[in-house]
């Protein structure tokens with residue numbers, strides 16, 4: 001999540017009111033950042049704070065309605081500390097994912113369907129990998145139907161990405177989500193150098209690049225929104 005919170009020094013802090021439409025994580029985070037800088041902030045939310053990200057406490061388990069964890073970074077750690085929100089590392093068992101197709105399944109496609117897809121894409125993957133890369137402005141739905149098939153889109157790609165991004169897969173950008181898979185991989189040191197060129201004033205460490213671990217707030221992700 002990237003929020004631009006640069007302040008126009010010509011405005012009079014404390015007397016300038018900012019109205020934010022949408023009380024999802026981006027809206028709440030922006031509201032907190034602006035309040036810290038001295039702005040009066042009003043947040044308008046039609047349904048519930050946190051937007052699509054909600055936590056349901058069932059007798060059997062705790063269920064996240066959308067994303068179920070954060071990707072850890074120094075900025076997230078600073079924000080959690082500022083709002084007094086405890087972050088806990090996800091448990092190993094939480095890596096097990098299920099997709100419902102008649103019943104919860106680890107792999108929702110039949111064996112025959114799986115082999116058909118493999119026989120379709122493996123030759124291309126080996127001989128002409130670039131053909132599988134997303135085209136400019138191509139949506140995830142269009143990419144999946146072009147490269148895979150309808151069944152894999154309906155029962156694997158669509159439900160999996162909805163659970164991760166809480167968005168309409170028909171509008172998500174395939175190049176933004178999958179484009180990096182078809183680019184030349186860079187080492188951690190190369191990524192650090194690229195980050196330094198983008199933000200020369202910010203110190204970037206290898207340790208930060210290694211922080212790509214999942215964390216969630218104690219009590220569910222909706223609780224993190226409540227802290228903001």
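Just a few scattered comments:
- Answer from 81, 62, 54 - the residue that is more than 30 Å from residue 149 (Cβ to Cβ) and touching a helix residue (DSSP H, G or I) at 6+ places or on another chain (Cβ under 6 Å): 54
- Test: residue in the stretch 183-196 that is within 23 Å of residue 139 (Cα to Cα), modelled with pLDDT of 60 or more and in contact with a helix residue (DSSP H, G or I) (Cβ under 9 Å, 6 or more places away or on another chain): no
- Selection status of residue 32, modelled with pLDDT of 85 or more, surrounded by 11 or more Cβ atoms within 10 Å (Cβ to Cβ), within 22 Å of residue 76 (Cβ to Cβ) and out of contact with any strand residue (DSSP E or B) (no Cβ under 6 Å at 6 or more places or on another chain): yes
- Hits in the stretch 65-78 (condition: in contact with a helix residue (DSSP H, G or I) (Cβ under 9 Å, 6 or more places away or on another chain) and either loosely packed, with under 12 Cβ neighbours inside 10 Å or in a loop (DSSP other than H, G, I, E, B) (or both)): 65, 66, 67, 68, 69, 73
- Complete set of residues in the stretch 90-108 that are touching a residue at least 24 places away in the same chain (Cβ under 8 Å), assigned to a strand (DSSP E or B) and farther than 15 Å from residue 67 by Cα: 100
- Residue within the stretch 115-131 that is over 22 Å from residue 179 (Cα atoms) and either surrounded by 15 or more Cβ atoms within 10 Å (Cβ to Cβ) or touching a residue at least 12 places away in the same chain (Cβ under 8 Å) (or both) present: yes
The values are calculated or read from the model by the stated rules, or taken from the named source; none is laboratory data. From a predicted model like this one, the values you see are computed outputs, not experimental measurements. When we count neighbours, we look across all protein chains shown, and the Cβ atoms used for this are built from the backbone with ideal geometry, even at glycine.
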